[in-house]
């Protein structure tokens, strides 16, 4: 009997497959492809604007890395940098309408992908998988 495949390999392959499906769906719908890190920036900023330092803290990257991501997204028209209401030279990163449209489309496509997963594994199977993955994430120190 052949040993089972390594769990990290299986999880990684599943993740890459879902990312590729999502990217393909977004491209087909006419949206630019964003890296997973850039997409995460949009998700973080969706709750409201924040500084590069706050963005870095949330993303668990350096302030410089967060600023680089924000500037790239600004160059592509997804993020606008504006003066922070608190002043003192601080800059706030906020989403543009283009980013909000992208997030709406991604949310719709994510729901469609979940429906396809339900077709493959059933609603209970997907719920069980979600619960088990959440449990694995909670077990991390």
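FYI, it's all coordinate maths here, none of it is from the lab. Quantities reported herein were computed from a predicted structural model and do not represent experimental measurements. We place every Cβ from the backbone using ideal geometry, glycine too, and count neighbours over all the protein chains shown.
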Per-residue ellipticity at 222 nm for the chain, helices alone: DSSP H runs ≥ 4 residues times -39500 (n - 2.57), over residue total, nearest 500 deg cm²/dmol? -23000 deg cm²/dmol
So for R0 = 30 Å, FRET eff. of residue 127-residue 101 from the Cβ-Cβ r, to 0.05, ends up at 0.50
Net lengthening on full extension, residue 91/residue 21 (0.36 nm per residue, minus Cα-Cα): 21.7 nm
Highest-first arrangement of 17-25, 62-70, where packing means the average Cβ count within 10 Å: 62-70, 17-25
Segment residue 10-residue 40, extension gain: residue separation times 0.36 nm, minus the distance between their alpha carbons: 8.5 nm
At 7 Å along Cα-to-Cβ for each site, give me the label-to-label distance between residue 118 and residue 84 in nm. 4.3
Scan [x] 39, 36, 25; [y] 65, 38, 24; [z] 50, 36, 22 for the value of Cα extents along the principal axes in Å calculated from this model and give just the label. [y]
Specify the angular offset, from 0 to 90 degrees and rounded to the nearest 10, of the alpha carbon long axis of helix 63-75 from the longest principal axis of the alpha carbons in the chain. 80
